[in-house]
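Readers should treat all values here as calculations from the given coordinates under stated rules, not as data from a laboratory. If you're wondering where the values come from, they're calculated on a predicted model, not measured in any experiment. With ideal geometry, Cβ positions are generated from the backbone for all residues, glycine too; neighbour counts draw on all protein chains shown.
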Amino acid sequence: MAKLTQSVDLTNRGRVAVLTVDNPPVNALSQHVRQGLRDGITQAQADAAVQAIVIVCAGRTFIAGADITEFGKTPQEPGLHAVLDMIESSSKPVVAAIHGTALGGGLEVTLACHYRVGVKDARFGLPEVKLGLLPGAGGTQRLPRVVGVQKALSMIVGGDPIRAEEALKAGLIDEIVDGDLTAAGVAFAEKVLNDKRPLKKIRDLNDKIAEAKAKPEIFAEFRKSVARQTRGFRAPENCIKAVEAAVNSATFDEGIKRERELFQELLTSPESKAQRYFFFAEREAAKIPDVPSNTPDKKVEKAAVIGAGTMGGGIAMNFANVGIPVTVVEMTQENLDRGLGIVRKNYEATASRGRITAADVEKRMGLIKGTTDWNAVKDADIIIEAVFEEMPIKKEVFAKLDALAKPDAILATNTSTLDVDEIASATKRPESVIGTHFFSPANVMRLLENVRGKKSSPTAIATVMNLGRRIQKVPVLVGVCYGFVGNRMLHQRGQQAEKLILEGALPHQVDKVLTDFGFPMGPFAMGDLAGLDVGWRIRKGLGRKSPVADRICELGRFGQKTGAGYFKYEKGDRTPVPDPDVEKIIVEVATEQGITRRHISDEEILQRLLYPMVNEGAKILDEKIAIRASDIDVIWVYGYGWPVYRGGPMFWADQIGLKKLRDTMLAFKKQSGGDEFWTPAPLLERLANEGKGFTGQ
């Protein structure tokens, strides 16, 4: 065995040379991997005893993409393009033997090989679009030549991997193998040699390109089909243009040149900068400075959820989805039956769309046990409370759980605003109490805002962070304050939204400004979706008022569920329709408060909605409620629909410039007669004066 570089070995198995990449954890395409592949191909080519070459990877996966630590640095030779050209132009057949994931540059390596085999559970994809980029090493030119233009567009613009069976059917791999992968790769290479198969260079395959040439409307139809989900993103359009170049360019090399131009355009775009920042931000969120990754956690083999309402049912689904048995406790059989009925309908709806099978529905429902007997929580490793957002009720539930749960169980609350420490005070084990704030719908939304109390133990924290990833959420740890991070910042936006409609804007104008910015919906449509009665009940409990919202609720207009809220809704249609009756209420309240309404520009609306959120984020950082600015951004992207191509509120503020943001806030303060709401937070003031940002970007 010859060690070519620190991560690539070359061995001969008879007349087949085996190049093994071993660059843990995911065999990323680091410079030494690229060099090893280049040197290995060169040596194998020069060895008269070698007649074929197999590329395989050690560890848990094939090459899973680029080395992210090289992002933004000066590229080091050899470049991936040169390595792939060398593989493809080899005079001896090169076979890729794939396990785990062949993603991004990893899949592009396999596409430069003459043949590909993979194990049954291997996955194949080009996810660069999720970083605001496109596959820049020939992926947009080679993939359509193998799987066809329609399939290539779907894989490249969607960015999601496909499984081996689908890859085989599409022609992306030549065979599914089992047993020892290296031996299987060598056996396939022997077969290629024995059958005297030709060197299948993808660059020379033009049949599927010709098919698309004869059907030029394929691109217009595809653009139309993805328009809604790609709105605001730049990369999807460049991906489509690159595949168009594969079809329409006179030569393969001309298509490669166009791919490179489109890639460079994206690399310097603000959207890709934001998406690449967010890629790292999401990974940083998993790191808790005082709770290292080796902290012992509680192994969760059984879970319990208190409450079978919308949240409770959704939370239970997360456990069942990953095979964890869960018991749902309700006060009455009627509520329990209703809640579990909704869970079944949710699963059946998913099955009707082909995402799971009918057997999956029954398997998951079989893992969810409903009961009205509180004793059923006694063997649960974690119990999550999902009852009404009222402190007396929460404390009563936790006192009950304290008496019933086993000593080492984690007791979690799904509160979205309330004091976790006060809830924990109802127990004799505050160290086991922690917040697990799921977002609605809990079975869909990816954010899990975990809230550490003053006495929450490292084990409790490690357990909910690890559990979050296990149930396929993105967990972020925050501290205790009213509304934690997400809702505390949202409250600032909500205050301004209410003021804006009294001063002259209308709900549909305010909402449009935010949807144009990239949010899926604005504050008023979001309120209608969530149910205006929820906030109304919370306000009454706190003795607070919101004149317009309260008046709307007093009319029985609670949003979509009643067919009217801030907007009207036609039966069976969720499209918000502006309502003159609401405008009348707004004008009446403004008149009662002595407010002279005026025209308000979209720019002012955007600044007044988002700048206070950034300011509150600065306070949250100063108070150490959030560990880092990027955690706030992860919360807002995954929990509140902040467009990922804008990176999150704190990153976005850095791109504007904190001095400009601070000065605009001071101008609003002056305009409002000295309203303290617009006083810049100390951290914002300090960073603005120093010319720095929150995120270091």
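Out of the stretch 366-395, which trypsin sites (Lys or Arg not before Pro) are coil in DSSP terms and have no more than 15 other C-beta atoms within 10 Å?
Values: sites: Lys369, Lys378, Lys394, Lys395; in loops: Lys378.
Taking the stretch 366-395 and a limit of 15 other Cβ atoms within 10 Å, the loop trypsin sites (Lys or Arg not before Pro) found are Lys378.
What does the charge count near Ala48 come to, summing +1 for each Lys or Arg and -1 for each Asp or Glu among other residues with Cβ under 14 Å from its Cβ?
Details: positive: Arg15, Lys92; negative: Asp47.
With Lys, Arg at +1 and Asp, Glu at -1, the net is +1.
Calculate for the chain the 222 nm mean residue ellipticity that helices alone would give, adding -39,500 (n - 2.57) per DSSP H run of length 4 or more and normalising by residue count, nearest 500 deg cm²/dmol. All intermediate terms of the calculation are to be shown ahead of the outcome.
Details: 29 runs with 346 residues, N = 697.
Calculated at 222 nm, the ellipticity per residue is -15500 deg cm²/dmol.
Sorted by packing (mean other beta-carbon atoms within 10 Å per residue), highest first, where do 370-376, 662-668 land? Display every interim value, and only then the final one.
Working: 370-376: 14.3, 662-668: 17.0.
The most tightly packed comes first, giving 662-668, 370-376.
In the neighborhood of Thr436, defined by Cβ-to-Cβ distances under 10 Å, what is the net charge if each Lys or Arg adds +1 and each Asp or Glu adds -1?
With Lys, Arg at +1 and Asp, Glu at -1, the neighbours total -1.
Taking the 0 to 90 degree range and rounding to the nearest ten, how far is the long axis of helix 181-194 tilted relative to the main principal axis of the chain, both from C-alpha atoms?
40 degrees
Output ³J(HN,Hα) for the stretch 525-539: one whole-Hz value per residue in order, computed from phi by the Karplus curve 6.51 cos²θ - 1.76 cosθ + 1.60 with θ = phi - 60°, and x for Gly and Pro.
So the Karplus estimates, Gly and Pro as x, are 5, 5, x, 5, 5, 5, x, 5, 5, 5, x, 4, 5, 5, 4 Hz.
Between Lys200 and Lys584, how many nm apart are label points set 7 Å from Cα along the C-beta direction?
If labels sit at Lys200 and Lys584, their model points lie 7.1 nm apart.
Mind listing the long-range amide H neighbours of Arg13? Cut-off is under 5 Å, sequence gap 5 or more, other chains count too, H placed in the peptide plane at 1.01 Å from N.
Val18
Past the 27 Å Cα-Cα mark, which pairs from Lys619/Lys670; Lys287/Lys540; Lys273/Lys454; Lys378/Lys455; Lys473/Lys571; Lys130/Lys619? Could the numbers behind the result be given before it?
On the way: Lys619/Lys670 21 Å; Lys287/Lys540 39 Å; Lys273/Lys454 37 Å; Lys378/Lys455 23 Å; Lys473/Lys571 33 Å; Lys130/Lys619 31 Å.
Correct reply: Lys287/Lys540; Lys273/Lys454; Lys473/Lys571; Lys130/Lys619.
Considering Cα pairs under 8 angstrom that are at least six residues apart, work out the relative contact order of the stretch 410-519 and quote it in whole percent. Don't skip to the end; give the middle numbers.
Working: 147 pairs, mean separation 25.1, N = 110.
Reported relative contact order: 23 percent.
Given Cα pairs under 8 Å that are at least 6 residues apart, what percent is the relative contact order of the stretch 505-592? Don't jump to the answer; show the numbers that get you there.
Details: 94 pairs, mean separation 20.9, N = 88.
In percent, rounded to a whole number, it is 24.
When DSSP beta bridges are limited to those with both residues in the chain, what percentage is antiparallel, rounded to the nearest 5?
Details: 21 of 64 bridges.
Counting only bridges with both partners in the chain, antiparallel ones make up about 35 percent.
Could you pull out every residue, at least 5 positions away or on a different chain, whose amide H is within less than 5 Å of the one on Val177? Hs are placed 1.01 Å off N in the peptide plane, and Pro or chain starts have none.
Hits under the 5 Å cutoff: Gly118, Val119, Lys120.
Please list 3J(HN,Hα) in residue order for the stretch 135-140, calculated via the Karplus relation 6.51 cos²θ - 1.76 cosθ + 1.60 where θ = phi - 60°; whole Hz, with x for glycine and proline.
Computed from phi, the couplings for the stretch 135-140 are x, x, 10, x, x, 6 Hz.
Taking H placed 1.01 Å from N in the peptide plane, check which residues at least 5 places from Thr436 or on another chain put their amide H under 5 Å from its amide H.
The answer is Thr413, Asn414, Thr415, Val451.
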